[in-house]
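**Q** One structure, pasted below without further comment.
The values are calculated or read from the model by the stated rules, or taken from the named source; none is laboratory data. Please read these numbers as outputs of a predicted model, since none were measured by experiment. Using ideal geometry, Cβ is built from the backbone for each residue, glycine included, and neighbour counts are taken over all protein chains shown. Surface accessibility is based on the protein's heavy atoms, side chains included, excluding ligands, DNA and RNA. Shrake-Rupley method; radii C 1.70, N 1.55, O 1.52, S 1.80 Å.
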Amino acid sequence: MFYDEYIEKNREWIEETFAKLDKKLSRTAVSSRNKLPYTVGPDGKHDDKTGQDVNWWTNGFWGGLMWLMYEKTGNEDYKKTAERSEELLSGALTDYLIQDHDSGFRHHLVSGANYRLTGNEGSKSRNLYCAATLASRYNISGKYIRAWNWREGWTIIDTMMNLPQLYWASNVIGDTRFKKIAMAHADMAMVEHVRADGSVVHICSHDPEDGHVIETIGGQGYGVGSAWSRGASWALYGFILSYIHTEKQDYLDTAKKVAHYFISGCAINEWLPPIDFRAPIEPRYDSTAGAIAACGLIEIAKAVPENEKATYLIPAINILKAMEEKFCSWDESTDYVLGMGSEAYGRCEHIPIIYGDFFFAEAILKLLGSEFNPW
Ligand code: GLY
């Protein structure tokens, strides 16, 4: 069958890439054990968000990456670093007012993974508290989960990736409320954030009283009406994950629609994702968008019928191979794997970002046949 045959055709590259990941990460698992890395300093070594920035939205990716690698290899160094990450992150749970929509990124990948892989009851409880906090951000009039703490009426496409924490909570305690809130938010995002052509709006500003959308905002993309590639990748992967958790066909169809837009924007750029698909043509890349989208494309390929699988699996591998060749650092003198991430159009472009490494590794593990879904 096509999926398995195409994986076989690429097996040598997939296995070699995983071996390089394991070699590098088994070293940094030890050297960065007491850090919550975001990027690297001028010396190529991981920075550290513990202390003042313990609630930074990306702080779960390092521990999450360690659980992914532990699940595949059984190497105890990965487990020790993942557990240490969870200890460091507990500092983010002490103040209700700093909780936000990124609770899934921050805690589901670490505490959720710990519970699922080891049965740790403390981790289960922490993740349930976080799910409850996330659910408490639901706006009943607008049927959406509020994004940042400083703007009551804003929703962002990124929140699609935090919904799996709610699906998990419903399953684990047998209570559908969390799932219903997640689905209401996904239904809103399908209408308000995904345009008819498959491009994606980063921010919608709603009236918090009656919920209607007042305006859309360009956010981290090129501008109003543009097509920020990481936003598209959050939608692509987020909708297929919502489909996996709910089997609602509209979510699969939406993931496919966004995928078609994403794939065509990469195909004309030698499979390297630009920061924004609707911006002047120039060499401005965001590798993180490519890694996130590759994960989503692989999941779509698994979900669609046989004669549709190539449409998604071939571009996923094309993107990963192009980025591995052009953007990855396998050099032992650096702590990162995937370079050329971009925080936003015009801000902190072409830097390594920790979730680039997370999603790149997650995609390679999927291609290796890993059954563990951290979402
Ligand atoms: N979730 C924020 C970002 O993608 O940069």
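**Q** Express the carbon and sulfur contribution to the solvent-accessible surface of the range 81-157 as a percent, rounded to the nearest whole number, probe 1.4 angstrom.
**A** The computed percentage sits at 51.
**Q** Distance between Cα centroids, the range 54-100 to the range 1-51: provide it in whole Å.
**A** Taking the Cα centre of the range 1-51 as reference, the centre of the range 54-100 is 16 Å away.
**Q** What FRET efficiency would be calculated for the residue pair GLU152, GLU8, taking the C-beta separation as r and a Förster radius of 51 Å, to the nearest 0.05?
**A** Approximately 0.50, to the nearest 0.05.
**Q** Taking the Cα centre as origin and putting +1 on Lys and Arg beta-carbons and -1 on Asp and Glu beta-carbons, what dipole magnitude results for the range 1-152, to the nearest 20 debye?
**A** It works out to roughly 280 debye.
**Q** For every other residue with a beta carbon closer than 11 angstrom to the beta carbon of ASP197, add +1 if it is Lys or Arg and -1 if Asp or Glu, then tell me the sum.
**A** Net charge in that neighbourhood comes out at +3.
**Q** Can you put HIS193, HIS212 in order of accessible area, largest first, using a 1.4 Å probe?
**A** HIS212, HIS193
**Q** May I pose another question? Hey, if you put +1 on the Cβ of every Lys and Arg and -1 on every Asp and Glu Cβ in the chain, which of TYR144, SER233, SER329 ends up farthest toward the positive end of that dipole?
**A** The listed residue farthest towards the positive side: TYR144.
**Q** By how many nm would the segment from LYS326 to ILE217 lengthen if fully extended, with 0.36 nm per residue of separation less the alpha-carbon distance?
**A** Computed gain between LYS326 and ILE217 is 36.0 nm.
**Q** Then there is this: Which whole-number percentage describes the relative contact order of the range 50-133, with Cα contacts under 8 Å and a sequence gap of 6 or more?
**A** It comes to 34 percent, rounded to a whole number.
**Q** From the P(r) of the range 69-137, could you give the percentage of C-alpha pairs in the tail past 15 Å?
**A** In whole percent, the long-distance tail amounts to 50.
**Q** Got the relative contact order for the chain handy, in percent, Cα pairs under 8 Å and 6 or more residues apart?
**A** 17 percent
**Q** Would you work out the relative contact order for the range 119-196, in percent, from Cα pairs under 8 angstrom that are 6 or more residues apart?
**A** Dividing the mean separation by the residue count of the range 119-196 yields 28 percent.
**Q** If DNA, RNA and ligands are ignored and the probe is 1.4 Å, what is the ranking of TRP150, TRP13 by accessible area, most exposed first?
**A** TRP150, TRP13
**Q** Heavy atoms only, probe 1.4 Å: what % of the accessible area of the range 175-224 goes to carbon and sulfur, would you let me know?
**A** 54 percent
**Q** If R0 is 41 Å, what FRET efficiency do you get for ASP175 and SER264 from their C-beta distance, rounded to 0.05?
**A** Computed FRET efficiency for ASP175 and SER264: 0.50.
**Q** Next question, about the same structure. Roll a 1.4 Å probe over the protein chains and send me the accessible area per residue for the chain in Å².
**A** Averaged over the residues of the chain, the accessible area is 38 Å².
**Q** Kindly provide the helix-only [θ] at 222 nm of the chain, computed as the sum of -39,500 (n - 2.57) over DSSP H runs of four or more divided by all residues, to the nearest 500 deg cm²/dmol?
**A** Mean residue ellipticity, 222 nm, calculated: -16500 deg cm²/dmol.
**Q** Working with all protein chains in place, sort HIS350, HIS101 by solvent-accessible area computed with a 1.4 Å probe, largest first.
**A** In descending accessible area the options line up as HIS350, HIS101.
**Q** Would you list, by chain and number, the aspartates and glutamates whose Cα falls below 13 Å from the Cα of LYS256, excluding same-chain residues fewer than 8 positions away?
**A** ASP197, GLU299, GLU308
**Q** For the chain, max minus min Cα coordinate along each principal axis, in Å, sorted largest first?
**A** So the three principal-axis extents are 54, 45, 42 Å.
**Q** Let me ask something else. How large is Rg over Rh for the range 1-160, taking Rg from the Cα atoms and Rh as the Kirkwood inverse mean of 1/r across Cα pairs?
**A** With Rg and the Kirkwood Rh in hand, the quotient comes to 1.04.
**Q** Assign one of three labels to the range 151-298, namely rounded, prolate or oblate, based on the Cα gyration tensor with a ≥ b ≥ c the square roots of its eigenvalues; rounded applies when a/c is under 1.5, prolate when it is not and a/b is larger than b/c, and oblate otherwise.
**A** Here the range 151-298 falls in the oblate category.
**Q** For the range 230-299 and the range 134-194, compute the distance between their C-alpha centroids and round to whole Å.
**A** 20 Å
**Q** Could you work out what % of the accessible surface of the range 272-375 is carbon and sulfur, using a 1.4 angstrom probe and leaving DNA, RNA and ligands out of the count?
**A** 52 percent
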